[in-house]
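Q: Below you will find the structure I want to go over with you.
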Amino acid sequence: GFPPEDRRCLDLFARAVTRAAPPPPLGPGASFDLAMDTGQVEVDDQLLELFGIGPDDFEGRVETLLAMTVPEDLPAVMSVVEADHMSIGDRELEFRILQPSGEQKWLRLRGRLLPGGEDRPARLVGTVTDASTVRTGRGDVARVQRLAAALATAGTVRDVSQAVVAALRKPLQADRIALAELEGDRLVVTVLDPPQPEAWPEVWRTEWRSEWPDAPVRTMPTLATALREGRAAIWPADADLEPALAEVGPGGLAVLPLPAGGRMAGACLIGWDSPHDFGPEERALLTAAAGLAGQALMRAHAFDAEHELVGMLQRTLLPRRLPQLPGAVAVARYLPTTAGLEVGGDWY
């Protein structure tokens with residue numbers, strides 16, 4: 001049996017695939033149909049009521065709905081509504097909106113990203129329901145806010161990774177957390193916490209390079225699937241997983257793709273040794289953290305690449321040889337006169 005909300009989602013998906021009109025309301029859940037290329041969204045009266053918007057005040061633009069999202073939750077929402085054809089699949093997200101009265105309300109979005117064709121754009125279709133009755137959210141909101149603040153000042157990939165570890169491992173009482181960048185078909189691990197090799201699966205140390213900073217994604221099908229679908233995967237204790245992942249979280253494992261700019265910037269693995277119960281608030285925290293971390297990881301990677309390029313340029317400009325001077329030692333230094341790229345200066 002399917003509950004009414006699931007039946008409604010399935011009906012929406014089927015009609016969207018056949019390009020039929022949205023179905024009439026049936027059961028709980030407010031429906032939407034978002035065109036990914038234009039941002040135009042078709043909604044029903046239930047959804048407008050959830051957002052506290054009158055039918056005459058809504059012009060069909062998704063930006064109107066996004067403007068009501070609490071700023072701390074906006075990156076996670078944007079990671080869903082800005083997805084592209086490379087991340088077709090299901091979406092599930094909990095987020096907060098600020099109502100006209102000034103109060104916050106928790107909403108749960110469930111949907112599916114459908115591919116476009118020659119004469120139609122990719123579309124996100126699904127339902128939104130009121131999730132306020134099952135949430136308190138204060139602790140998780142504070143964690144997301146702290147993470148957002150830490151990531152705002154994180155300048156390098158290493159800084160981003162350490163901020164994610166600090167925001168998630170102890171608050172979630174996790175036993176280990178790994179964060180990796182996705183470069184082509186390989187995962188380049190940027191942080192392992194704890195750092196001791198014996199804390200991680202033996203296969204990581206025997207099959208990967210001796211310093212084990214990277215591995216092909218294909219060696220972990222579960223992780224490859226999560227990255228392809230673009231959504232978090234939660235695995236309970238004693239789940240049937242490949243050894244490279246099963247030993248990361250024998251009591252529970254969270255696999256978080258890190259979305260950014262229409263692609264996956266990397267992945268985060270969080271594991272527990274004792275059986276761990278994943279509640280709805282914790283799932284929402286993980287989703288929000290993944291959206292924030294993905295965007296920060298992309299910015300930091302660009303920052304690191306930019307500074308490596310500048311450093312290479314500066315090293316190239318340095319003289320290959322210095323003159324031999326009697327009674328003195330000649331040295332050369334490149335001192336930039338501009339901020340930002342730090343290119344342009346004089347020899348001293």
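Q: Filter segment 101-121 for residues that are closer than 14 Å to T69 by Cβ and not charged (D, E, K, R) and give the result.
A: Once the filter is applied, which keeps residues that are closer than 14 Å to T69 by Cβ and not charged (D, E, K, R), segment 101-121 yields Q104, W106, L107, L109.
Q: Would a scan of segment 75-90 turn up a residue that is in contact with a helix residue (DSSP H, G or I) (Cβ under 9 Å, 6 or more places away or on another chain), of a type outside the set (G, A, S), in a loop (DSSP other than H, G, I, E, B) and at pLDDT below 80?
A: Among the residues of segment 75-90, at least one is in contact with a helix residue (DSSP H, G or I) (Cβ under 9 Å, 6 or more places away or on another chain), of a type outside the set (G, A, S), in a loop (DSSP other than H, G, I, E, B) and at pLDDT below 80, which makes the answer yes.
Q: Just the residues that are of a type in the set (A, V, I, L, M), touching a Ser or Thr at 6+ places or on another chain (Cβ under 7 Å) and in contact (Cβ under 8 Å) with a residue 24 or more places away in the chain, please, taken from segment 234-282.
A: A244, L245, V255
Q: Please work out which residue is farthest from V160 (Cα to Cα), limiting yourself to segment 238-267 and to residues that are in a strand (DSSP E or B) and more than 9 Å from the chain's Cα centre (by Cα).
A: Filtering segment 238-267 for residues that are in a strand (DSSP E or B) and more than 9 Å from the chain's Cα centre (by Cα), the one farthest from V160 (Cα to Cα) comes out as G252.
Q: Could you check how many residues of segment 11-25 are touching a strand residue (DSSP E or B) at 6+ places or on another chain (Cβ under 8 Å) and modelled with pLDDT of 65 or more?
A: 4
Q: With R8, R61 as the choices, which residue is outside the structural domain of T225 (by TED's automatic domain parsing), at pLDDT below 80, in contact with a strand residue (DSSP E or B) (Cβ under 7 Å, 6 or more places away or on another chain) and not aromatic (F, W, Y)?
A: Matching residue, one of R8, R61: R8.
Q: Kindly provide the set of residues from segment 38-65 that are in contact (Cβ under 8 Å) with a residue 40 or more places away in the chain and in a helix (DSSP H, G or I), ordered by number.
A: Result: L47, L50, F51.
The values are calculated or read from the model by the stated rules, or taken from the named source; none is laboratory data. Note that the structure is a prediction, hence the values are computed from the model and not measured. Don't worry about glycine lacking a Cβ; one is built from the backbone with ideal geometry, like all the others, and counts go over all protein chains shown.
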